[in-house]
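Just below is one structure, and these are the notes that go with it.
The values are calculated or read from the model by the stated rules, or taken from the named source; none is laboratory data. Just so we're clear, the structure is a prediction, and the values are computed from it rather than from any experiment. FYI the Cβ positions are ideal-geometry reconstructions off the backbone, even for glycines, and counts take in every protein chain you see. Calculation scope for accessible area: heavy atoms of the full protein, side chains included, ligands and nucleic acids excluded. Shrake-Rupley method; radii C 1.70, N 1.55, O 1.52, S 1.80 Å.
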Amino acid sequence: MKINKIKINSYGKLKEKEIELKNNLNIIYGKNESGKSTILKFIINTLYGASKNKRGKEISDFDRYKPWDAEQFSGKLYYELDNSEKYEIYREFNKKNPTIFNEKGDNITKEFNIDKNKGSEFFYEQTKIKEEIFLATSIAMQQETKIEKETQNILIQKISNILGTGQDNISYKKAIEKINKKQLEEIGTERSREKPINIIQEKMRENQEETAQLKEAEKYKYEIEKEIETIKNELKKDIIKKELLREIKKIKEKDELEKEKIKIKENIILENDVKVDKINNEIETVDVKYKETRKGAKITETKYENIKLNNRIKIWLIILIIINALWVSIFPYVMQDEILRYIILVTLPIYLIIAIISKRRIKRKIKDIEKSEKKLLERINSEKHELDSEKKVIERNSQEIKKEIDKMKADNNYTYNMEKQQIINNYSTEIESQQIKELFIEGRTDSEKKFIEEKISNEQIELSRLEVKRETVEAQIERQPELEEKRILLEQQYKKLQRDNLSIELTKKLLEKAYKKMKNQISPIFTKKLCEHISKITNGKYNNIYFSDEQGLTVELDNGNYISAERLSIGTIEQLYLSLRLAMIDTISNEKVPIILDETFAYYDDERLRNILKYLVTEFAERQIIIFTCTKRECEIIEKEGIEFNYIEL
């Protein structure tokens, strides 16, 4: 295969760039930052696509080379296969798949497989070379040699890897070490600790312990439920008994209320009796007062009359006596005196008149007294009558209340006994009748109620405590399906780890088998090529090189002694590594793909550069060689050696 032409519309900082390439040796010269590496990337990305994946880099190829000042991000590659079939690959890098044309200009894109991740696989189908293999063999990119120059042990290891496994980045020993490490880290052993299989085993043990604990919890739950059932039954009886006591207390309170009503009425009767007694006393007092009033009135009347009469009679008698005495003693004189005679004659009638008037006044006074007495007696009689009437009303009221009391007592006694019997009938199925009757005894209800309430409270507390325990146990038991699922999952994980472990062991055996086969079949081929290459690039200084698992890479000296390849100069090791990578191309593809070198010889001296260029042109005469360089050394040496080449200056 050879690349005929590169046409870049816009890629990175390059625009409208066309490069014609020829067979065998092509040298593309340009100063630093002139776009040499960009052209190389364009070739790779056109063949395999510009990935948006960073692949461990700071920026992906797509983002790195996408022009920021142009709409186009495209180009075309013209190449020819060893069978002389020519193709044109046009790629718009914004799209995943390119457009493929044959030499007639026909669009043959659909003739190639399209991977959903990588896109069209046309170049792999044509060459059987994947991108990573293409980069590891045909292309030596800028700074790659410089990086490897930092330590010759890396280069030697790569050569040893090629001789042992056929690929420079695969070491059987390291592969086994990585597999063992992976096996230890991802699976573990019976002796390891804190590894997946140990963790799974520990979790399985914990799961078994938890499952055993759950079985014990189920037994414990059964015991708790029995205890809860017992307490519930007892609590039910006590609640019924409490309800019984409540009803008993209710009818007893009702009975007490009725008795209190009766007592109130009895108190009314007592109060009425007191009132009657008081009225009787008042009547007696009124009678005494009446009698005394009557008696006093008569005495007063007689006494008044007698006193008045006697006093006046006495006065008038005295006056008459005095007058008569005077009359007798003075009569002779009086009679002689006309004035006196007239006075005497007038005085006597006046006296008589006064006496008559006084008597009449006394009679009027007596009548007034009698009238006043009569009114007093009438008032006393009225008061007595009122007291008698009130007494009769009170006595009549007391009789009615007594009848009511008798009826209330009878009704209450009947109701109480009936309700009592009703309660006995209602609760006799739960509590013995005799026990119910005993609760009706005075004082038993309150004491029994207090006792039963305390008992119910204690039972409810105990029931709550047991139910909390049961909920706790049930919460544990509810995890049983979860534990069972976990057990199954753990067993599956454990079996998977065992299968993975078995697979790893099998892989190691297969790898060992493949390694031995590789050593027996591929290693001799590479060793032979390596011997040929080292002889050519060192001008016969070193002719034989060997590789073994024990001693690694060794080189035979002229005197027949063997030394470690690590003692070779870094330049010789670099040449050896490059030649071996190029020699691998023939083993991976029937297509002679181009050899592309980007600043690969920057650290070669002139002698070593001359040898490697002559080696490349001679050894790979049938291949297209493209060398990107920023110096004129390659051109000068090639011109001196008389080697034909195609020179391109950027």
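Looking only at residues that are aromatic (Phe, Trp, Tyr) and out of contact with any strand residue (DSSP E or B) (no Cβ under 6 Å at 6 or more places or on another chain) in the range 47-72, which one is surrounded by the fewest Cβ atoms within 10 Å (Cβ to Cβ)? Lay out the reasoning, then the answer.
Going residue by residue through the range 47-72, those that are aromatic (Phe, Trp, Tyr) are 48, 62, 65, 68.
Remaining after also requiring out of contact with any strand residue (DSSP E or B) (no Cβ under 6 Å at 6 or more places or on another chain): 48, 62, 68.
Working: 48: 23, 62: 17, 68: 5.
Result: 68.
Condition first: under 30 Å from residue 208 (Cβ atoms), open to solvent by 70 Å² or more (accessible area, probe 1.4 Å) and not in a helix (DSSP H, G or I). Can you find one or more residues in the range 468-478 that meet it?
The answer is yes; a qualifying residue exists.
In the set 34, 10, which member is among the hydroxyl-bearing types (Ser, Thr, Tyr) and in a loop (DSSP other than H, G, I, E, B)?
34
Of the residues that make up the range 243-252, is at least one under 30 Å from residue 469 (Cα atoms) and either of a type outside the set (Asp, Glu) or assigned to a helix (DSSP H, G or I) (or both)?
Yes, that holds for at least one residue.
Can you tell me which of 266, 260, 234 is open to solvent by 90 Å² or more (accessible area, probe 1.4 Å) and either of a type in the set (Asp, Glu) or free of Cβ contacts under 8 Å to residues at least 24 places away in the same chain (or both)?
Only one candidate passes the filter, namely 260.
Of all residues in the range 122-154 being in a loop (DSSP other than H, G, I, E, B) and open to solvent by 50 Å² or more (accessible area, probe 1.4 Å), which is modelled with the lowest pLDDT?
150
Return the only residue of 76, 2 being within 18 Å of residue 138 (Cβ to Cβ), among the charged types (D, E, K, R), crowded, with 17+ Cβ neighbours inside 10 Å and more than 54 Å from the chain's Cα centre (by Cα).
2
Which of the strands (runs of 3 or more DSSP E) found entirely inside the range 539-610 contain at least 2 residues meeting this: at pLDDT 70 or above and open to solvent by less than 50 Å² (accessible area, probe 1.4 Å)?
Filter on the range 539-610 gives 552-556, 562-564, 595-598.
Do you know which residues across the range 108-121 are open to solvent by 100 Å² or more (accessible area, probe 1.4 Å) and closer than 20 Å to residue 80 by Cβ?
The answer is 111, and nothing else.
All but one of (1) free of Cβ contacts under 8 Å to residues at least 40 places away in the same chain; (2) more than 26 Å from residue 263 (Cα to Cα) hold for residue 399; which doesn't?
Condition (2) is where residue 399 drops out.
Here is a list of conditions, (1) modelled with pLDDT of 80 or more; (2) open to solvent by 50 Å² or more (accessible area, probe 1.4 Å); (3) aliphatic (A, V, I, L, M), and residue 490 meets all of them except one; can you say which number that is?
(2) is the only condition that residue 490 fails.
For the range 205-220, what are the residues that are touching a residue at least 12 places away in the same chain (Cβ under 8 Å) and within 28 Å of the chain's Cα centre (by Cα)?
207, 210, 211, 213, 214, 217
Filter the range 33-57 down to residues that are touching a helix residue (DSSP H, G or I) at 6+ places or on another chain (Cβ under 9 Å) and charged (D, E, K, R) and give me whichever is farthest from residue 633 (Cα to Cα).
Taking the candidates together, the pick is 52.
Is it the case that some residue within the range 10-32 is among the aromatic types (Phe, Trp, Tyr), closer than 17 Å to residue 139 by Cβ and touching a helix residue (DSSP H, G or I) at 6+ places or on another chain (Cβ under 8 Å)?
Among the residues of the range 10-32, not one is among the aromatic types (Phe, Trp, Tyr), closer than 17 Å to residue 139 by Cβ and touching a helix residue (DSSP H, G or I) at 6+ places or on another chain (Cβ under 8 Å), which makes the answer no.
Return the residues of the range 269-284 that are of a type in the set (S, T, N, Q) and either touching a Cys at 6+ places or on another chain (Cβ under 6 Å) or touching a residue at least 60 places away in the same chain (Cβ under 8 Å) (or both); say none if nothing qualifies.
Matches in the range 269-284: 272, 280.
For residue 392, which of the numbered conditions (1) within 19 Å of residue 289 (Cα to Cα); (2) surrounded by 12 or more Cβ atoms within 10 Å (Cβ to Cβ); (3) without any contact (Cβ under 8 Å) to a residue 60 or more places away in the chain fails to hold?
Against the list (1) within 19 Å of residue 289 (Cα to Cα); (2) surrounded by 12 or more Cβ atoms within 10 Å (Cβ to Cβ); (3) without any contact (Cβ under 8 Å) to a residue 60 or more places away in the chain, residue 392 comes up short only on (1).
Taking residue 357, is it open to solvent by 80 Å² or more (accessible area, probe 1.4 Å), without any contact (Cβ under 8 Å) to a residue 60 or more places away in the chain, not basic (Lys, Arg) and not in a helix (DSSP H, G or I)? First the steps, then the outcome.
Numbers: open to solvent by 80 Å² or more (accessible area, probe 1.4 Å): yes; without any contact (Cβ under 8 Å) to a residue 60 or more places away in the chain: yes; not basic (Lys, Arg): yes; not in a helix (DSSP H, G or I): no.
The answer is no for residue 357.
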